[in-house]
Each structure stands twice: as structure tokens, then as C-alpha cells.
Amino acid sequence: MIVSDKSRPVRSYSLSADVVRYSLVILAALAVIFPLYFTVITSVKTDENYSRDKIGFPTEIHLENFNTALRGGRFFLWFKNSVILASGAVVISTIVSALAAFAFARMDFKIRNPLLSAVTALMIIPPVVMLVPLFVLLTNLGLTSTYWGAILVYGGMVTPFSVYLLTNFFKTIPFEIVESALLDGATSFDILWRIILPLSAPAMITMIVVNLLWVWNDLLIALVLLPQDNLRPLMVGITVFGSRYNKDVPVTMAGMLMASLPMIVVYLFGQRYFIRGLVAGAIKG
């Protein structure tokens, strides 16, 4: 009886801890799902229906908002701009990050650890802090209001995270594989291209998905570096378009939903590699 009495508070504590943990998980899930829910239901409401009930289900499905969003703005031009910026930045960042991560993970040089620490520290610097210096630099180079200027800035912004992720993953690849390739006469580039990268598919896909999402959804950098309407990416164009139709929230939400669909498709395509790639370098072996 004494043992039983002493064990009851433990069970009670464990039960209440589980309740708190599950409650936090549910609240976090709702916080993530609610913006998507609001965007979807608002995009198919009439303006009158939205004015009466902002978060309830629509009384009727109104798909004309999507046609209005396509006609009222330059949706396909902005979409093309976003594709150019996102794909260009990701390609440049992937090449630079793979080469840098291979050097940090597999080559021995004096300043390797301090240099890696410096690159990793760049992840905590907010982009807004670097915006003015970058704008001045691009102005001096004549790269403002150009695709290349914005692509270089975006590529530089996402590279520190990419280097950190790939370096940790490359370190988990057994050295015996690399050593065997060296004995067969393989060069460093052969090892990277034919051995390291194929074995790092989860980390590479994770990196590409994260970087695409970041560049695609960015607003501030593109708003400053690409002020011309014909160069605006999709998120900036939809935002400016929404300010013109600020009273017609359903039309704006329809545009935002269409702008989000490509990244949702990209995430669904790479989701089975996503978590695996994020945690792969956490435990070596």
C-alpha cells in the first residue's frame, strides 16, 4: 500500500505533463493551419459575405475572385520573375555551398574551424540589417533593378544555412568510401560529384526546398532592389495589387493562394526527405 500511495503522484504528474505537451502541440498545429484556412475560405467568398463573417465558411463558392486577381494584376509576369529569382539564387547557392561544405568537412587547413564558425554566425544576422549596405554596393556596381543583382543577394543570404547543413551531412559519410576512391585515383571533384553528392540526396533536397521557400516568400529585399513593376516577383506584385484593392480582401487572398501553390507542390514533392535531411547531420554514424 505504501508503494502504491507513493506511485500515485508520479502517475498524476506524468498524466498532467502529457496533457500539457499534447495541448501545446495542438495549439502549435492550429497556429500553423489557421492562416491557410483563412486564406482558402476567404478566397472563395464574395466581398459582402466576407464583411458579414470573416472566419466562417462561405455561404456560396465564388471563384470569380481568381479571375479578378489574374486580370487585375500582372500575375504571370510576376510569376516568371519569381521563378527566375528563386531558381537562379538556389542554383548559385547550391554550387557554392556544396564546394564550401566539402572543403569544411573533408579538407584540413589551418583556419577551417574559425572560418566555418564565421559562416555559420551569418545565419543569425537579420536580412534587414544588411539591406542598406547591399543596396549601396549594388548601386556602385550598377546592379540595382536587375535580375542578377537580386539573385546574387538572395544566393548570399541562403548560403550560410546551406553550408552549415551540408557540412554536417558530409561529415557523416564514412571516410573509408572516400579513402577507397582516392586509392583508385579519383580527384577531389570526382569524390564530390560521384560519391558525396549522390549519398547526400536527403540533405540536398532539404536545402533546395528551404531555400526556394525563403526566396519565393521574401518581400523586403525584392521591394527595395526591384522597384519596377516589370521586375517585381510574385509576392511583391500581389502585395502591391492588394493595396490597390484593399477593400476587396477575397481577391487579394485568391492571389495569395495562387502564389503559394507552387511552393506547396515543391514541399509535397520533397517532404519524405525533408525531416530526414534536417536531422541527418545531428547524430554522426
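The values are calculated or read from the model by the stated rules, or taken from the named source; none is laboratory data. Worth saying up front: this structure is predicted, and the values here are computed from it rather than measured. We place every Cβ from the backbone using ideal geometry, glycine too, and count neighbours over all the protein chains shown.
Descriptive notes on the structure:
- Some residue of region 109-126 being at pLDDT below 85 and either touching a Phe, Trp or Tyr at 6+ places or on another chain (Cβ under 8 Å) or in the same structural domain as V215 (by TED's automatic domain parsing) (or both): yes
- Residue within region 130-140 that is out of contact with any Lys or Arg (no Cβ under 6 Å at 6 or more places or on another chain), at pLDDT 85 or above and either crowded, with 19+ Cβ neighbours inside 10 Å or not assigned by TED's automatic domain parsing to the domain that holds Y267 (or both) present: yes
- Within region 153-202, considering residues that are part of a helix (DSSP H, G or I) and hydroxyl-bearing (S, T, Y), the one surrounded by the fewest Cβ atoms within 10 Å (Cβ to Cβ): S180
- A17 being modelled with pLDDT under 85 and under 30 Å from G149 (Cα atoms): no
- The conditions of being of a type in the set (S, T, Y) and at positive phi are met by S145.
- Screening the candidates V132, V158 for the property of being touching a Phe, Trp or Tyr at 6+ places or on another chain (Cβ under 9 Å), of a type in the set (A, V, I, L, M, F, W, C) and closer than 25 Å to G88 by Cβ yields one hit, V158.
- Every residue from region 27-67 that is out of contact with any helix residue (DSSP H, G or I) (no Cβ under 7 Å at 6 or more places or on another chain) and of a type in the set (F, W, Y): F34, Y37, F38
- Summed over region 105-152, residues that are under 11 Å from L225 (Cα atoms) and not in a helix (DSSP H, G or I) total 4.
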